[in-house]
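The values are calculated or read from the model by the stated rules, or taken from the named source; none is laboratory data. Just so we're clear, the structure is a prediction, and the values are computed from it rather than from any experiment. Positions of Cβ are generated from backbone atoms using ideal geometry, with glycine treated the same way; all protein chains shown enter the neighbour counts.
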Amino acid sequence: MSVPASTVHGVRDTAGGRLLIVAAAFLWSLAGVFIKFLDLPPLTIVFYRSVFAALIFTPFLRRKDWRIDRPILISVISYTAAISTFVSANKLTTAANAIVLQYTAPFFVFLFSGLVLREKISRLNGFTLAASMVGVAVIFLGNAGEPDMAGVLLALLSGALFAAYMINLRRTQAVSPVYLTWINNVVCALLLLLVVKSQLGLTSTQLGILAVMGAVQLGLPYFLFSKGLQTVPLQEASLIALIEPVLNPLWVALTVGEIPSLATLAGGGLIVAALGVRYLWPLPGNAQPAA
């Protein structure tokens, strides 16, 4: 019995979408390294990253893609707020704490995708979410009362804001990913310019780092994530992106020697284990594929 061509194409499209989201998570995971090397105010970093991200996509804009509507406005506001609080958290706590706690986002994605988008939660996704959130809780409790608690709280806020951004992406699926990435970063830079206008001085080294961050570490992965969401369900995409909080502290530890706490290592281990179960079970040959 032959498999319909549409089914084969659908499977390939989904697999391709997953790879795009994995690539986005990998590039996002480099943020902690760059931020630790920049002795600049957090919002100055966010401003310049968005400037360079917008510049790299400007040549690829098409006139027919231009639009301003409610989903676009929600996108630019949630995007600006999410990356601003995340970079600020990186300056106030360890990169490991900031990135892992930002990834409370799947919890909010699952909660609000059910309430707003009426999407059901499969057993496997629900298990992965629950185990991952236990990992996040271990990290949070391990840092309760520490001097960097302000950074921990900012990272949690960033997670909620990132979830709002991801959920809204379902309402911008008809928008060109190039235009969406561009408009998010243009508005972000314009909004922050009023705040950082007296803090714009850079060395040539800082300029180079920020240019790479904007083009490769910020703009490109958000474009890839938007493309991936065209074929991958939102809940699953938010789980795949949990690769980022595992890799981010690793890069920082290898480059600047910032070793994660035992609580962060334990919590990160739970997240890795949960993702392993999600994508290795059911194994090939079982009756039902992972939903």
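Results, tabulated for the structure shown:
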read-out	value
Count of region 243-254 residues which are surrounded by 15 or more Cβ atoms within 10 Å (Cβ to Cβ) and out of contact with any Ser or Thr (no Cβ under 6 Å at 6 or more places or on another chain)	8
Residue match in region 182-205 (condition: out of contact with any strand residue (DSSP E or B) (no Cβ under 8 Å at 6 or more places or on another chain), crowded, with 23+ Cβ neighbours inside 10 Å and farther than 27 Å from THR93 by Cβ)	yes
Hey, VAL175 in a loop (DSSP other than H, G, I, E, B) and modelled with pLDDT of 85 or more or not	yes
Residue match in region 143-155 (condition: closer than 20 Å to ALA98 by Cβ, touching a helix residue (DSSP H, G or I) at 6+ places or on another chain (Cβ under 6 Å), at pLDDT 85 or above and not aliphatic (A, V, I, L, M))	no
